[in-house]
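The values are calculated or read from the model by the stated rules, or taken from the named source; none is laboratory data. These numbers come from a predicted model, not from an experiment. Using ideal geometry, Cβ is built from the backbone for each residue, glycine included, and neighbour counts are taken over all protein chains shown. Heads up: the accessible areas ignore ligands, DNA and RNA and are worked out on the full protein's heavy atoms, side chains in. Shrake-Rupley method; radii C 1.70, N 1.55, O 1.52, S 1.80 Å.
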Amino acid sequence: MKRPRTRRQPATISHLHRTPFGLKASLAWVLTFAVGCTGSIDGNGTPSASSGGSVAQGASGGSTGAQPSAGQGSMNGGTAGQGMSQGGTGQGATGSGGTGQGGTGTGQAGDDPYAIPASPPGAVLVQTARVARLSRQQWSNTIRDLLKVTDIADIDSAVTGDALVGFDNEADDLYVTEQLRQQLADAAEKLADKVTGDATALARLVPSNAPSDTAGRARAFVTGFGQRAFRRPLTDAEVTTHLDLFNQGPTLYPGVDAFKAGASLVIQAMLQSPYFLYRTELGTAAPGAAQVPLNDWEVAAKLAFSITNTMPDDALFAAAAAGQLHDKSGVADQANRLLEGSTGTSGLRNFNLQVYRLGTYDGITRDATVFPDFKANSPAAMKEEVLEFIDWVFNQGRGIKDFYTAPVGFVNSLLAPVYKVSGNFSSDPLTLSKVDLDPTQRSGLLTQAGFLSSYISVGNEPDIIHRGVFIAERLLCKELPPPDPAAVAKGLIDTPGLTNRERVEQTTGVGTCGQSCHAALFNPLGYAFENYDAIGEYRTMDQGKPVNAADSYEFDGQLQSFKNGVELSALLANAKETHACYLQNMMSYLQGRQLADEQQTMVDYYARLSRAGMVSLHDLELQIVTSDAFLNRLP
């Protein structure tokens with residue numbers, strides 16, 4: 001999410017030393033000397049024979065879920081602290097992302113802000129971190145897919161979430177704190193015990209073509225599981241190191257089957273390795289090269305985590321092993337396969353969960369006597385509706401404009417009454433059915449129950465101000481000024497006889513201290529949705545008076561008028577700055593970092609195409625993950 005930031009150096013891959021992982025004392029000793037506590041990463045991005053991971057310490061943070069006050073726009077996710085990297089004397093590149101800008105763009109194609117350039121601008125590469133810690137959700141998903149298990153909720157819940165201002169996968173802000181280090185170590189031991197304690201589960205991790213003899217089976221396990229855990233083939237030195245560790249199983253776990261004991265040690269070690277916990281871009285740069293193509297394995301990992309929010313699947317690993325990810329056509333084939341598969345919208349869902357602050361829906365409550373159509377599970381259904389709606393846009397080959405123009409809803413028995421839709425629907429908050437809605441009342445995301453229920457004001461009225469702030473910050477990427485100190489102490493007064501809008505205008509409208517901020521920057525955006533009450537039900541009257549939802553707002557530098565939320569949504573769909581804002585965020589998320597100012601030309605190009613309806617949401621994601629900027633780095 002675009003925000004003011006101080007440029008700083010991301011975590012480097014050198015000069016960080018490893019501490020024991022807090023397992024049983026004997027196992028910690030073995031890991032220290034068998035896997036290594038010091039060492040270096042060589043020029044190929046692989047460890048030297050004595051190398052080992054490193055976990056540095058830092059302050060930990062909790063997760064947040066409170067709804068923001070006016071002018072705020074924080075989202076959930078992240079940890080602050082220091083980074084984990086392969087330790088020792090190896091040299092690593094450093095760099096930083098930038099703050100980037102959303103909005104109307106750079107003015108390509110002459111003076112026409114909407115003209116489509118004849119060709120896309122050239123890719124701009126910026127200095128970036130070359131080691132990126134997996135996000136909390138990526139770690140959980142990867143554990144599930146690597147170990148081929150699903151019932152790990154008890155172990156997973158013991159690993160705390162992150163607390164970031166930006167997206168949950170931004171490399172510059174993801175570190176391994178001392179608290180997280182210990183939690184990951186505990187989780188690794190419990191996960192290893194769980195898998196090796198189940199003969200069927202362990203057998204799933206052994207290659208089907210593994211030799212039957214003990215030594216051959218052990219080597220096949222180390223190389224096969226290791227390639228999936230590190231997302232690249234192990235070096236000969238790594239194979240030897242982990243086989244040595246495997247062979248100490250009977251000594252450390254006397255009385256336990258030798259293969260199970262050895263596999264447990266290897267699983268524990270690999271789950272704590274920086275090569276598992278971090279996605280790396282450490283391939284060798286050719287002398288004098290202006291840019292460095294990511295190697296096949298690096299492309300596979302970056303592609304998988306961006307699109308599916310988890311590790312590469314078997315087909316993507318096979319493509320990397322076959323050298324099929326050297327060129328854009330090979331990458332495009334795999335990207336298309338992932339995008340059209342069962343997990344093709346997983347990354348997009350995680351992205352939209354953060355952009356639209358869907359995590360805060362969990363905290364929505366209402367007085368059942370005032371809002372009888374609101375039930376305990378309504379917020380879960382509201383969140384699912386947003387995600388299924390965007391999935392529908394994606395899968396139908398539609399674009400960003402449809403976010404704000406499609407009169408489509410996804411309902412169950414909890415949401416149907418809000419939309420006044422009749423039919424037989426499931427009561428499960430996660431089982432929704434697509435329905436067509438009244439186009440004079442409903443038009444995309446902003447007329448759905450979730451957004452409309454997100455904010456409530458005094459007297460159980462909709463919160464005009466925060467509805468407007470959300471649209472300004474989240475959909476238009478506007479940086480709102482801090483509130484006027486004179487206005488901070490003033491709250492809305494529940495004056496009998498006044499409509500909700502009249503109360504807001506009396507306190508923050510034209511002629512008040514809020515005239516230059518509220519009345520100009522976000523109140524009009526909130527007024528547009530006065531036809532919807534605090535759970536999103538449509539209304540035409542307020543305090544016995546007709547609802548007034550009309551106003552005007554400046555889009556792309558032009559003041560434009562609207563009568564209601566449907567008309568405002570249409571203006572948003574047609575404003576280039578709406579498309580630029582979403583794409584700014586989408587590109588940041590897929591790249592795992594804030595965009596630099598130099599990359600705004602590409603944002604503007606995509607925004608022009610999107611506004612013109614010339615590119616679908618699916619194809620936007622495909623173009624981003626097959627771009628030169630995605631597949632290359634600076635030396």
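Estimate the FRET efficiency between LYS148 and LYS328 by the formula 1/(1 + (r/R0)^6), using the beta-carbon distance for r and 30 Å for R0, to the nearest 0.05.
On the way: r = 32 Å, r/R0 = 1.05.
Here the calculated transfer efficiency is 0.40.
Starting from the amide H of LYS478, placed 1.01 Å from N in the peptide plane, find each other amide H under 5 Å away whose residue is 5 or more places distant or on another chain.
GLU473
I need the Debye-formula profile for the range 150-190: one equal scatterer per C-alpha, no solvent, reported as log10 I(q)/I(0) at q = 0.16 1/Å, two decimals.
-0.48
At 7 Å along the Cα-to-beta-carbon direction for both VAL458 and VAL206, put a label point, then send me their distance in nm to one decimal.
The modelled label-to-label distance comes out at 7.1 nm.
Provide the three semi-axes, in whole Å and in decreasing order, of the ellipsoid equivalent to the range 330-382 as defined by the square roots of 5 times the Cα gyration tensor eigenvalues.
37, 11, 6
Mind listing P(r) for the range 355-411? All alpha-carbon pairs, 10 Å bins, whole percents.
Calculated over all Cα pairs of the range 355-411, the distribution is 21, 43, 28, 8, 0 percent.
If you plug each phi of the range 472-483 into the Karplus form 6.51 cos²θ - 1.76 cosθ + 1.60 with θ = phi - 60°, what whole-Hz ³J(HN,Hα) values come out, in order, with x for Gly and Pro?
Result, ordered by residue: 5, 7, 7, 9, 10, 6, 7, 8, 7, x, x, x Hz.
The range 366-510: D in µm²/s via Stokes-Einstein (Kirkwood Rh, Cα pairs, 37 °C, 0.692 mPa s)?
My calculation gives 192 µm²/s for D.
When only alpha-carbon atoms count, how far does the range 102-196 stretch along each of its three principal axes, as whole angstroms with the largest first?
On the principal axes, the range 102-196 reaches 64, 28, 22 Å in Cα extent.
Relative contact order for the range 194-342: what is it in percent, counting Cα pairs under 8 Å that are at least 6 residues apart? List each step's numbers first, then the result.
Working: 137 pairs, mean separation 22.8, N = 149.
For the range 194-342, the relative contact order is 15 percent.
In Å, what Kirkwood hydrodynamic radius results for the range 320-429 from the alpha-carbon pair distances?
Values: mean 1/r = 0.0609 Å⁻¹.
One over the average 1/r among Cα pairs gives 16.4 Å for the range 320-429.
Once the cut-off is 18 Å, how many percent of the Cα-Cα pairs in the range 239-349 end up in the long-distance tail?
When all Cα pairs of the range 239-349 are counted, 62 percent exceed 18 Å.
Straight-line reach from LYS190: which aspartates and glutamates have a Cα under 19 Å away, not including same-chain ones fewer than 8 places off?
Here the aspartates and glutamates satisfying the reach criterion relative to LYS190 are ASP145, ASP151, ASP154, ASP156, GLU178, ASP198, ASP257.
If you line up the Cα atoms of the range 121-161 on their principal axes, what length do they span on each, largest first, in Å?
47, 21, 16
Determine ³J(HN,Hα), in whole Hz, for all residues of the range 157-174 in sequence, where each value follows from phi through the Karplus function 6.51 cos²θ - 1.76 cosθ + 1.60 and θ = phi - 60°; x replaces Gly and Pro.
These are the phi-based 3J(HN,Hα) values: 5, 7, 9, 5, x, 9, 9, 10, 7, x, 5, 6, 10, 6, 4, 5, 10, 9 Hz.
When only C-alpha pairs under 8 Å and at least 6 residues apart count, what is the relative contact order of the range 113-186, in percent?
Averaging sequence separation for qualifying contacts and normalising by length gives 40 percent for the range 113-186.
Residues of the range 269-286 with amide nitrogen under 16 Å from the 7 Å Cα-to-Cβ point of THR240?
none
Could you tell me the convex hull volume per residue, in Å³, taken over the Cα atoms of the range 265-325?
114 Å³
Enumerate the amide H contacts of TYR278 below 5 Å, restricted to partners 5 or more residues apart or on another chain; note that Pro and chain-start residues carry no placed amide H.
Result for TYR278 returns LEU134.
Rank-order 367-373, 627-633, 138-144, 545-551 by packing density, defined as the average count of other C-beta atoms within 10 Å over each peptide's residues, highest first. Write down the numbers at each step before the final one.
On the way: 367-373: 13.0, 627-633: 19.0, 138-144: 21.3, 545-551: 16.3.
Result, highest mean first: 138-144, 627-633, 545-551, 367-373.
Please list, in chain and number order, the residues 5+ apart from ASN632 or on another chain whose amide H is under 5 Å from its amide H, with Hs placed from the backbone.
LEU294
How far is the Cα center of the range 109-181 from the Cα center of the range 319-350, in Å?
17 Å
Can you give me the pair-distance distribution of the range 431-484, C-alpha pairs, 5 Å bins, whole percents?
4, 14, 21, 21, 17, 14, 5, 2, 1, 0
Obtain the radius of gyration and the Kirkwood radius of the range 394-445 from its C-alpha atoms and give Rg over Rh.
That ratio is 0.99, to two decimals.
Once phi is turned into θ = phi - 60°, what whole-Hz ³J(HN,Hα) does the Karplus curve with 6.51, -1.76 and 1.60 give for every residue of the range 386-401, x standing for Gly and Pro?
4, 5, 6, 5, 5, 4, 4, 4, 5, 6, 8, x, 8, x, 4, 4
Ignoring ligands, DNA and RNA, what percent of the 1.4 Å accessible area of the range 416-486 is carbon and sulfur?
Carbon with sulfur: 53 percent of the solvent-accessible area.
Mind putting a number on the dipole of the range 108-188 about its Cα centre? Charges go on the C-beta only, +1 for Lys and Arg and -1 for Asp and Glu, and I need it in Debye to the nearest 20.
320 debye
Given LYS478/LYS576; LYS383/LYS434; LYS302/LYS328; LYS478/LYS545, which pairs have Cα atoms separated by over 25 Å?
LYS478/LYS545
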